[in-house]
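Notes to accompany the following structure.
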Amino acid sequence: MTSPLRPSRRGLLRHAGLGLTAIAVPGWAQRVSSGLAARPTLAGPDIALTVDHVPATIDGRTGHAISVNGSWPAPLLRLREGQTARLAVTNRLAEPTSIHWHGLLVPFQMDGVPGISFPGIAPGETFTYEFPVVQSGTYWYHSHSGLQEQMGHYGPIVVDPAGPETVAAEREHVVVLSDHSPLHPHRIFTKLKQQGGYFNYQKQTLAGLIAGRDQSAAERRDWGRMRMDPTDVSDVTGATYTYLVNGHGPQDDWTALFAPGERVRLRVINAAAMTNFNLRIPGLALTVVQADGQYVRPVTVDELQIAVAETYDLIVTPEDRAYTLVAEAWDRSGMARATLTPRPGLTAAVPPLRARPLATMRDMGMGAMSGMSGMAAMTDMPGMTHDAAPMQHGMRDFATAPELPRTPAVQTIAPMPTDRTGEPPQGLADTGHRVLVYRDLVALAANPDTRAPSRQLRIHLTGNMERYMWAFDGVKLNAVTAPIPFRQGERVRVTLVNDTMMAHPIHLHGHFFELVTGHGDHAPRKHTVNVAPGGTVTFDLTADAFGDWAFHCHLLYHMHAGMMQVVSVRPDGAVAGA
């Protein structure tokens with residue numbers, strides 16, 4: 001059996017073999033050191049990509065994945081700001097496929113979302129994406145067809161700047177975090193539809209109650225009457241997932257080299273289907289220099305949560321010893337891990353999983369009532385009583401959100417949602433060290449558009465866990481759902497209200513937006529934002545990209561279950577086809 005503290009010979013050979021397919025990076029690109037695991041890298045204005053099936057070996061177990069050019073995860077694409085990229089994608093699957101260039105600003109016809117921006121790539125066909133590269137930074141690409149992303153159809157993108165690099169580093173590594181299951185993704189989705197908590201193996205127990213762990217008996221009774229589970233943090237967990245770094249499981253131990261004293265840049269991408277990761281490197285401070293490909297004023301922390309679809313660039317300066325990179329799943333049901341080392345063969349201790357987080361009344365949108373016991377808070381709320389009927393489906397007091405439709409996709413409504421962008425993410429409030437919060441992020445350069453918004457828009461994130469339905473404003477995406485209209489060039493303030501007990505990473509295609517976190521014209525610019533349970537996030541958007549764009553939760557099964565809409569940007573603000 002492979003030791004979890006040593007690199008897997010199988011893993012090294014697998015990636016060394018894939019490295020033979022790499023195309024040499026031209027001289028304008030920053031030099032990349034790939035440590036012990038060679039990464040296939042494709043560069044230049046013309047790139048050919050072939051989507052196919054491939055066996056995938058993780059921690060010594062072989063399964064199935066979707067590959068790009070025989071590589072899983074897909075090859076690193078190294079582009080350059082100012083070039084025109086032409087990417088010819090050939091589909092060898094038996095079903096349609098697609099590629100979305102996550103975070104890249106491209107014409108909407110090149111955005112790669114079947115049914116919204118193009119028809120998809122049929123089996124046996126080739127589609128050529130062509131677009132100008134107008135930015136630099138760390139991004140990624142993935143399928144937007146069905147549930148292919150869960151099966152490995154994703155890969156990293158690094159866009160080098162046209163001029164000098166803003167942040168100097170002697171070495172860099174691309175770190176792609178993801179989750180993988182031996183179950184077919186449609187089987188996972190079926191199980192979630194049948195029982196929303198199917199994969200939650202960390203529920204509270206009688207033995208835990210007797211031992212004085214977790215909630216008290218009174219709190220458990222309160223939550224039971226509300227039909228709510230405080231351990232329900234992640235829908236799909238380590239019960240079926242193996243958590244990966246660049247396609248390597250914890251036993252495979254992906255390993256990256258450095259020279260002592262070097263400034264090492266880690267380009268971290270969360271390409272998981274359903275897992276937010278809490279990232280730390282015990283013994284090393286992490287200096288955040290980029291978020292979602294956009295430079296921020298350097299901020300040094302000991303840990304950060306990277307939500308699904310986010311990217312963070314970190315600078316570390318390791319000493320002459322090995323370190324363990326720990327990416328703990330947000331529900332603490334497992335971890336991805338890797339080794340940073342000055343010499344092959346050195347490893348560092350792997351810390352044990354920490355205690356799983358429990359949801360609180362604040363996560364239910366109780367706001368200032370979060371310190372009260374469940375039923376006491378509920379009793380003090382307008383329209384809420386101890387009666388069993390109001391509790392049967394949680395909190396559905398529409399008086400707090402009269403604009404919401406009465407649909408099955410609205411199981412709960414947060415009565416007192418609050419802006420939680422200044423709080424550590426769920427489960428990280430009492431770590432005893434520095435944890436990144438969104439309000440720590442400040443744009444390095446002034447925002448390109450500092451106009452005041454001309455209108456405001458409020459969007460509720462809703463769901464029904466018992467029926468596994470997810471939606472915006474209680475309405476799932478379907479053939480008759482009207483797009484959200486924007487007038488091209490207008491400035492809009494958007495507030496997302498999370499009426500559910502689960503965090504949702506929300507992604508808008510084709511645009512960056514500025515988080516309203518008190519930093520004025522240096523507000524951080526992002527394309528994906530994680531909305532805390534029972535919380536709100538406000539951002540300012542300049543709708544400057546003509547066309548139809550996907551807007552969705554990036555938890556894959558939430559999007560598949562309906563938490564997706566279309567944003568339509570037109571010169572007159574009219575919806576196309578209306």
Requested in this report: Looking only at region 518-527, count how many residues are buried (at least 20 other Cβ atoms within 10 Å of the Cβ) and either under 13 Å from the mean Cα position of the chain (by Cα) or under 19 Å from PRO417 (Cα atoms) (or both).
Outcome: 2
Query - Qualifying positions in region 225-273 - basic (Lys, Arg), surrounded by fewer than 22 Cβ atoms within 10 Å (Cβ to Cβ) and modelled with pLDDT of 95 or more - result: ARG263
Requested in this report: Note down all Cβ pairs under 9 Å where the first residue falls in region 329-347 and is touching a residue at least 12 places away in the same chain (Cβ under 8 Å) and polar (S, T, N, Q), the second is surrounded by fewer than 21 Cβ atoms within 10 Å (Cβ to Cβ) and in a strand (DSSP E or B), and they're at least six residues apart or on different chains.
Outcome: THR341/LEU257
Query raised in the report: Can we say THR421 is part of a loop (DSSP other than H, G, I, E, B), touching a strand residue (DSSP E or B) at 6+ places or on another chain (Cβ under 9 Å), polar (S, T, N, Q) and surrounded by 17 or more Cβ atoms within 10 Å (Cβ to Cβ)?
Result: yes
Query raised in the report: in contact with a strand residue (DSSP E or B) (Cβ under 7 Å, 6 or more places away or on another chain), modelled with pLDDT of 90 or more and surrounded by fewer than 18 Cβ atoms within 10 Å (Cβ to Cβ) - does that describe any residue in region 16-32?
Result: no
Report task. Please state which of the following conditions ALA168 fails to meet, knowing it meets all the rest: (1) closer than 23 Å to ILE66 by Cα; (2) in contact (Cβ under 8 Å) with a residue 60 or more places away in the chain. Result -> (1)
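Quick one: which strands (runs of 3 or more DSSP E) lie wholly within region 441-525 and hold at least 3 residues that are aliphatic (A, V, I, L, M) and in contact with a Lys or Arg (Cβ under 9 Å, 6 or more places away or on another chain)?
Values: elements: 455-464, 469-472, 484-487, 491-498, 504-508, 513-515.
Where strands (runs of 3 or more DSSP E) fall fully within region 441-525 and carry at least 3 residues being aliphatic (A, V, I, L, M) and in contact with a Lys or Arg (Cβ under 9 Å, 6 or more places away or on another chain), they are 491-498.
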Query raised in the report: Which of the residues spanning region 490-511 are in contact (Cβ under 8 Å) with a residue 60 or more places away in the chain and either more than 20 Å from the chain's Cα centre (by Cα) or buried (at least 22 other Cβ atoms within 10 Å of the Cβ) (or both)?
Result: GLU490, VAL497, ASN498, ASP499, THR500, MET501, MET502, ALA503, HIS507, HIS509, GLY510
Query raised in the report: What number of residues within region 535-552 satisfy the criterion of being of a type outside the set (A, V, I, L, M) and either not in a strand (DSSP E or B) or not assigned by TED's automatic domain parsing to the domain that holds ALA503 (or both)?
Result: 2
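Sort out which residues of region 424-440 are in a loop (DSSP other than H, G, I, E, B) and of a type outside the set (Ser, Thr, Tyr), and write them in order of number.
PRO424, PRO425, GLN426, GLY427, LEU428, ALA429, ASP430, GLY432, HIS433, ARG434, LEU436, VAL437
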Report summary line: Among strands (runs of 3 or more DSSP E) entirely inside region 78-176, those with 1 or more residues being over 22 Å from ARG525 (Cα atoms) and modelled with pLDDT of 95 or more are 84-91, 126-132, 154-160
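Can you name the residue in region 55-82 that is surrounded by fewer than 16 Cβ atoms within 10 Å (Cβ to Cβ) and either of a type in the set (Ser, Thr, Tyr) or touching a residue at least 24 places away in the same chain (Cβ under 8 Å) (or both) and, of all such residues, is nearest to GLY293 (Cα to Cα)?
GLU81
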**Report entry** Residues satisfying the stated conditions in region 274-303, i.e. among the charged types (D, E, K, R) and surrounded by 20 or more Cβ atoms within 10 Å (Cβ to Cβ)
**Finding:** ARG280, ASP292, GLU303
Query raised in the report: Which is out of contact with any Gly (no Cβ under 6 Å at 6 or more places or on another chain), among the hydroxyl-bearing types (Ser, Thr, Tyr), closer than 30 Å to THR287 by Cβ and surrounded by fewer than 16 Cβ atoms within 10 Å (Cβ to Cβ), of THR481, THR450?
Result: THR450
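The values are calculated or read from the model by the stated rules, or taken from the named source; none is laboratory data. Just so we're clear, the structure is a prediction, and the values are computed from it rather than from any experiment. Note that each Cβ is placed from the backbone with ideal geometry, even for glycine, and that neighbours are counted across all protein chains shown.
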